[in-house]
Amino acid sequence: MNKLGIYIHIPFCERRCKYCDFTSSIFNQDRMKEYLDHLLLEIKNNEELLKNYLVDTIFIGGGTPSLLSVEDLRRLVDGLAGVINLDENNEFTIETNPNSISEEKLLAYRELGVNRISIGVQSFNDRLLRIISRLHTADEAREKIKLAKKYFDNLSLDFIFSLPTETISDVIASIDTASELGATHISLYSLILEEGTKLAALVERGVYRVNDQVTDRLIYRKATRHLESLGYKQYEISNFAKDGCYSRHNYKYWSMDEYLGLGMSAHSLIKNKRFFNASSFNEYFDDVKKNIYHDEENLSKEDKIAEYIIFKLRTNEGIIINEINRKYDINFEDIYKEELKKATDEKLLKKCDGRYFYTELGRDLANQVEILFV
């Protein structure tokens, strides 16, 4: 039986952070109940599809899934459990924010089968947390992480670097704190100023300055080396893990494995089809009632190969030549002879032990490499 990952989107937050452009809405209990009703209907709509798969990863993301009450989460998990074949060796992750974690919820997560917690910390510096409008303080984050570690060994922490006024010392200090608190996985994302966000408007008005690309890449390289020195092995451009603690669910995306996305704005990849849910409540509700997707596209073999190349290059494993040849019945080095030569000549890609992977410069200029293979 083929394996499948399931992503469930919970599009609610207590307050929108200044940098965020994700699909999310301010929390409202009545709207949450209505949303869960439709989410459970969408799960039911996929019952026949799910019979053909063994689900080995579940990821509840957002938004802020930890805003779900224990009763709402139990209702969601029970609804999912009724229609899936769950692998005994599954990875079940839920995203949380420090201010909405409680001991009651952590106990419920463990009881419901969650075995991996991801906490959005972003920084352990109170000045930076205020600038981006996070609702927690550094001390609260530390206390909630300690609490989470009582119940979960597999603990991931998310950080953003190159925040306004942030220095490399600030980034290193946050990493050190994460390590001391027992994080087994760290995600480190460079700030992207998204159009329409409050932070982008403040930068445009001159209230804050953000790092130029050279400074941003310098911080990234130093932070990467520091994480490695603490025992966090880089396995993807923005992700680092202790041995055996990489995100199995996220690795499905980078390997073009099959996954089903449930909820508003969620994406899915099943066989040769990618399909998408609407990103507004009313459109999503209407589509679920009609048992249709908001949009879909059939991927050609060439589409899938191009995406596979782009995603796999993000990983430290890179593109294993024998693997891509077998997976798509091609001669990779023959088809992409010119592109590979250009990328290696410019020292963006390196070939070693039967695989191609990014050089340090290639990681910094990943967009230029991707263009070659699109």
(message) If you take every residue apart from Lys33 with its C-beta less than 11 Å away from the C-beta of Lys33, what net charge results, scoring Lys and Arg +1 and Asp and Glu -1?
(response) -3
(message) Just to be sure I understand: with springs between alpha-carbon atoms less than 10 Å apart, which residue in Pro164, Pro98, Pro65 has the highest mean-square fluctuation in the Gaussian network model of the chain?
(response) Pro164
(message) Using DSSP to call loops (not H, G, I, E or B), can you name the GluC sites (Glu not before Pro) in region 132-195 whose Cβ has at most 14 other Cβ atoms within 10 angstrom?
(response) Glu194, Glu195
(request) Mind sorting Tyr356, Tyr208, Tyr308 by how few other Cβ atoms lie within 10 Å of their own Cβ, fewest first? (result) Tyr208, Tyr308, Tyr356
(request) For region 88-236, just say rounded, prolate or oblate: build the C-alpha gyration tensor, square-root its eigenvalues into a ≥ b ≥ c, call rounded for a/c under 1.5, and beyond that prolate if a/b exceeds b/c, oblate if not. (result) prolate
(message) Along the Cα→Cβ direction, 7 angstrom out, place labels at Asp78 and Glu48. What is the inter-label distance in nm?
(response) 2.7 nm
(message) So I have [x] 20.7; [y] 21.9; [z] 27.5, and one of them is Kirkwood radius over Cα pairs in Å calculated from this model. Which one is it?
(response) [y]
(message) Please compute the modelled spin-label separation between Thr215 and Asp334, points set 7 Å along Cα→Cβ, answer in nm with one decimal.
(response) 5.1 nm
(request) Starting with the fewest neighbours, write out Ile58, Ile270 ranked by other beta-carbon atoms found within 10 Å of each beta-carbon. (result) Ile270, Ile58
(request) Calculate the spin-label point distance for Glu323 paired with Glu194, positioning each point 7 Å from the Cα along the beta-carbon direction, and give it in nanometres. (result) 3.0 nm
(request) For an R0 of 25 angstrom, estimate the FRET efficiency from the Cβ-Cβ distance between Asp243 and Lys3 and round to the nearest 0.05. (result) 0.65
(message) As a footprinting exposure proxy, order Ser169, Ser280, Ser247 by other Cβ within 10 Å, with the fewest listed first.
(response) Ser169, Ser280, Ser247
(message) Between Ile26 and Glu228, what is 0.36 nm times their sequence separation minus the Cα-Cα distance? Round to one decimal in nm.
(response) 69.0 nm
(message) Whole angstrom only: what separates the Cα centroid of region 35-72 from the Cα centroid of region 278-309?
(response) 17 Å
(message) Using a Gaussian network model on the chain with a 10 Å cutoff between Cα atoms, which of Glu91, Glu258, Glu317 fluctuates the most?
(response) Glu317
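Rule-based calculations on the coordinates, nothing more; no lab input. This is a predicted model, so every value here is computed, not measured. We place every Cβ from the backbone using ideal geometry, glycine too, and count neighbours over all the protein chains shown.
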